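Student: Structure in structure tokens, see below.
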Amino acid sequence: MKRIRLGMLTPSSNTSLEPLTAAMLAGLPEVSAHFGRFRVTEISLRSGSRGQFEVEPILQAARLLADAHVDVITWNGTSSGWLGFDSDRLLCEQITAETGIPACTAVLAFNEIMDLRGEKRFGLVSPYLQDVQQRIVDNYAASGYQCVAEQHLDISVNYEFCNVSEDTLRRMIREVARSAPQCITTFCTNLRAAHLVPTLEDELGIPVYDTVATALWKALRCCGVDTRRVEGWGRLFSDGV
């Protein structure tokens, strides 16, 4: 069986996405995930925070992942939600031009999933500040998606996102579900949310797309892996679309 290596670009202060990704891959023995970090400590609209996502540090991390001969390089973060989706498209082009390796991102994957499934009305759950959350809502509206309900926590320190409790996440997801969106996203790759998805989907009858999961979904598809093999992690994988 051919070995497949997934490269993941990771915010330096994230601690959730790596163990969650490893857990999702537990049933795919030929697939491994390998992580490269660049410095991200704060999420806000301040110029210093936006500067964390300048291209060169990200490309440097991508070059190091390329040394491991990974089959795909995935930006496992949600910055284009507030910076604009074109920032992710350009980043993918630059990574591939620099390394020769296909590239994808968690946010572009989420958008692709909604398009494939004809879902334009979504619920948004994040830990972010109000102005960051509003920028995300506005960017989606400009691209033809309607955020019908949102919940956020007004946190800016990236490390602290991992400490949001499961009970808080469940409450937020249930609250946005009251507006009957076609889908819900937990929009931050440092939330410990992906493992909550199957139970909440069964309870609410609404698909929930965690951005750690969307990053992995797209990375696997880029490598030709049947995503239905990721079992027990929700409809994103089990529906086979």
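Student: For the stretch 141-153, check the following and say yes or no: at least one residue is polar (S, T, N, Q) and over 24 Å from Thr15 (Cα atoms). Can you show your working first?
Tutor: Looking only at the stretch 141-153, we keep the residues that are polar (S, T, N, Q), and these are 143, 146, 151.
Now restrict to residues that are over 24 Å from Thr15 (Cα atoms): 143, 146.
Yes, the stretch 141-153 contains at least one residue that is polar (S, T, N, Q) and over 24 Å from Thr15 (Cα atoms).
Student: So which of Cys183, Cys188 ends up being over 26 Å from Thr15 (Cβ atoms) and modelled with pLDDT of 95 or more?
Tutor: On the way: Cys188 fails: over 26 Å from Thr15 (Cβ atoms).
Exactly one of Cys183, Cys188 is over 26 Å from Thr15 (Cβ atoms) and modelled with pLDDT of 95 or more, namely Cys183.
Student: Go over the candidates Gly232, Gly144 one by one and state the one that is in the same structural domain as Leu28 (by TED's automatic domain parsing), at pLDDT 95 or above and exposed (fewer than 14 other Cβ atoms within 10 Å of the Cβ).
Tutor: Result: Gly232 is the single residue among Gly232, Gly144 that is in the same structural domain as Leu28 (by TED's automatic domain parsing), at pLDDT 95 or above and exposed (fewer than 14 other Cβ atoms within 10 Å of the Cβ).
Student: I would also like to ask the following. How many of the residues in the stretch 1-60 are assigned to a loop (DSSP other than H, G, I, E, B), farther than 22 Å from Cys162 by Cβ and basic (Lys, Arg)?
Tutor: The total comes to 2.
Student: Could you tell me which numbered condition Ser47 fails, if it satisfies all but one of (1) surrounded by fewer than 17 Cβ atoms within 10 Å (Cβ to Cβ); (2) touching a strand residue (DSSP E or B) at 6+ places or on another chain (Cβ under 9 Å); (3) free of Cβ contacts under 8 Å to residues at least 60 places away in the same chain?
Tutor: Here Ser47 meets the rest and fails (2).
Student: Which members of the stretch 92-112 meet the condition of being in contact with a strand residue (DSSP E or B) (Cβ under 6 Å, 6 or more places away or on another chain) and either of a type outside the set (S, T, N, Q) or assigned to a helix (DSSP H, G or I) (or both)?
Tutor: Cys92, Ile95, Thr96, Ile101, Pro102, Ala103, Cys104, Phe110
Student: Turning to a different aspect of this structure: State which residue pairs qualify: first residue closer than 13 Å to Thr74 by Cβ and inside the stretch 94-110, second residue of a type in the set (D, E, K, R) and assigned to a helix (DSSP H, G or I) in any location, beta carbons under 6 Å apart, and separation of 6 or more residues or different chains.
Tutor: Partner pairs satisfying both residue conditions: Cys104/Lys218; Thr105/Asp88; Val107/Asp88; Leu108/Asp88; Ala109/Lys218.
Student: While we're on this one: Of all strands (runs of 3 or more DSSP E) completely enclosed by the stretch 117-226, which ones contain at least 1 residues that are without any contact (Cβ under 8 Å) to a residue 60 or more places away in the chain?
Tutor: Details: elements: 121-125, 146-151, 183-186, 208-210.
It comes to 146-151, 208-210.
The values are calculated or read from the model by the stated rules, or taken from the named source; none is laboratory data. Because the structure is a prediction, the values reported are computed rather than measured. Ideal geometry is used to build each Cβ from the backbone, glycine not excepted, and the neighbour counts take in all protein chains shown.
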